[in-house]
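Engineer: Please read through the structure below; I'll follow up with questions.
Bear in mind these aren't lab numbers, they're just calculated from the coordinates by the rules spelled out. Just so it is clear, the model here is predicted, and its values are computed rather than measured. A quick note on method: Cβ atoms are made from the backbone with ideal geometry, for glycine too, and the neighbour counts reach across all protein chains shown.
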Amino acid sequence: MPYLDDNLLVFTDLDGSLLDHHSYSWQPAQEWLNRLSAAHVPVILTTSKTAAEVAQLQQQLMLTQHPFIAENGAMISLPTDWPGKKESPTGHIIGASYEEIRHTLITLRQRYDFEFRGFGDVSPQQVVDWTGLELADAKLAMQREASEPLIWFGNELDFARFEKYLHEENLALTRGGRFWHVMGKEAGKGPAVEWLSQQYQQPSGKPVVSIGLGDGPNDIGMLNATDYAVVILGHHTHAMPLEKENGAFRTTQRGPEGWKQGLDHLIRL
Ligand SMILES: [Mg+2]
């Protein structure tokens with residue numbers, strides 16, 4: 001079990017993990033956030049949201065001195081004083097940029113008549129209708145850097161061809177609720193966690209001890225990539241199998257209560 005004064009890194013999902021699924025409150029986790037902050041342990045938000053959507057929340061959580069992982073791992077946003085920040089001011093992209101993804105999508109649609117609509121094809125009002133977000137939040141969700149959500153309107157045969165052609169362009173499709181997400185083949189929460197862990201390890205040479213906390217199937221890559229995993233009880237019925245079950249703790253509480261329960265169990269003070 002890790003100690004608070006180990007070289008710790010905490011990676012956490014937002015919705016249903018650090019944030020309550022319904023109220024978006026993180027109050028039960030605040031005591032641990034204070035403790036981790038006092039011990040200079042980076043808490044790295046790891047989410048499917050865009051960097052624009054995460055920015056305000058990261059401020060409210062007082063975590064802006066740390067990086068965060070957005071767009072399901074395709075985009076790593078880096079704090080202003082991060083080494084190498086000047087060369088890549090928007091952050092580190094794993095896979096393809098949004099412009100490259102859009103270019104490939106438009107080319108494939110023109111060539112094969114595929115029937116789909118992505119966020120880049122539609123108005124903010126259409127995204128509101130699709131997602132139920134407020135207009136201002138829909139606009140933030142549309143500020144994409146390395147992945148594109150889309151709705152498929154075509155048949156299954158065409159979908160299989162679409163997937164194959166994307167694969168040939170080093171892009172992959174993942175399912176997230178009602179949308180398909182197109183991003184780089186090698187992108188994901190797991191690879192983003194590995195990339196950041198390496199960055200933290202390099203300067204000191206001292207191995208980092210990473211902890212991941214998540215509640216959903218799209219967190220499995222992150223939970224497999226960390227040394228210790230907290231599987232937070234979710235509002236779903238997916239099994240959440242991990243590659244290595246040792247080092248995994250499954251909470252009986254949901255959301256931030258489960259988040260607290262996991263760290264109470266895992267970290268020795
Ligand atoms: Mg979640």
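Engineer: So which aspartates and glutamates pass the test for Lys244, namely a Cα distance under 15 Å, with those fewer than 8 places away in the same chain ruled out?
Structural biologist: Result set, ordered by chain and number: Asp219, Asp227.
Engineer: In a Gaussian network model over the chain where Cα atoms closer than 10 Å are linked, find which of Arg175, Arg102, Arg250 has the largest mean-square fluctuation.
Structural biologist: Comparing Arg175, Arg102, Arg250 in a Gaussian network model of the chain, the most mobile one is Arg175.
Engineer: Where a ≥ b ≥ c are the square roots of the eigenvalues of the C-alpha gyration tensor, would you call the stretch 1-92 rounded, which needs a/c under 1.5, or, failing that, prolate if a/b is larger than b/c, or oblate?
Structural biologist: oblate
Engineer: Let me ask something else about it. Restricting to Cα pairs below 8 Å that are 6+ residues apart, what does the relative contact order work out to for the chain? Please round to a whole percent.
Structural biologist: Taking the mean separation of contacting Cα pairs over the length of the chain, I get 25 percent.
Engineer: Per-residue counts of other Cβ atoms within 10 Å, averaged by peptide: what ranking do you get for 220-226, 233-239, 26-32, 36-42, highest first?
Structural biologist: Top to bottom by mean Cβ count within 10 Å: 220-226, 26-32, 36-42, 233-239.
Engineer: Using a 7 Å offset from Cα along Cα-Cβ at Gln60, what residues in the stretch 12-38 end up with backbone N under 11 Å from the label point?
Structural biologist: In the stretch 12-38, the label zone of Gln60 (backbone N under 11 Å from the point 7 Å along Cα→Cβ) covers 19-20, 23-27.
Engineer: Determine the calculated [θ] at 222 nm for the chain from helices alone, applying -39500 (n - 2.57) to every DSSP H run no shorter than 4 residues and normalising by the residue count; nearest 500 deg cm²/dmol. Numbers along the way, then the final one.
Structural biologist: Working: 9 runs with 96 residues, N = 269.
Helices in the chain give a 222 nm mean residue ellipticity of -10500 deg cm²/dmol.
Engineer: Enumerate the lysines that Lys139 could reach by cross-link, defined here as Cα to Cα under 24 Å, with residues fewer than 8 away along the same chain left out.
Structural biologist: Lys49, Lys189
Engineer: In straight Cα distance, which lysines are under 16 Å from Lys164, not counting same-chain residues fewer than 8 positions off?
Structural biologist: Counting by Cα, and skipping residues close in sequence, Lys164 has these lysines nearby: Lys185.
Engineer: If I stretch the segment between Gln202 and Gln27 completely, what's the gain in nm (0.36 nm per residue apart, minus their alpha carbon distance), one decimal?
Structural biologist: Fully extending the segment from Gln202 to Gln27 adds 59.6 nm.
Engineer: Give, in whole angstrom and from largest to smallest, the semi-axes √(5λ) of the equivalent ellipsoid of the chain, with λ running over the eigenvalues of the Cα gyration tensor. Please report the intermediate quantities before stating the final value.
Structural biologist: Numbers: eigenvalues 207, 79, 66 Å².
Gyration-tensor ellipsoid for the chain: 32, 20, 18 Å.
Engineer: Let me ask you something else. Can you give me the C-alpha center-to-center distance between the stretch 238-259 and the stretch 65-113, rounded to a whole angstrom?
Structural biologist: 29 Å
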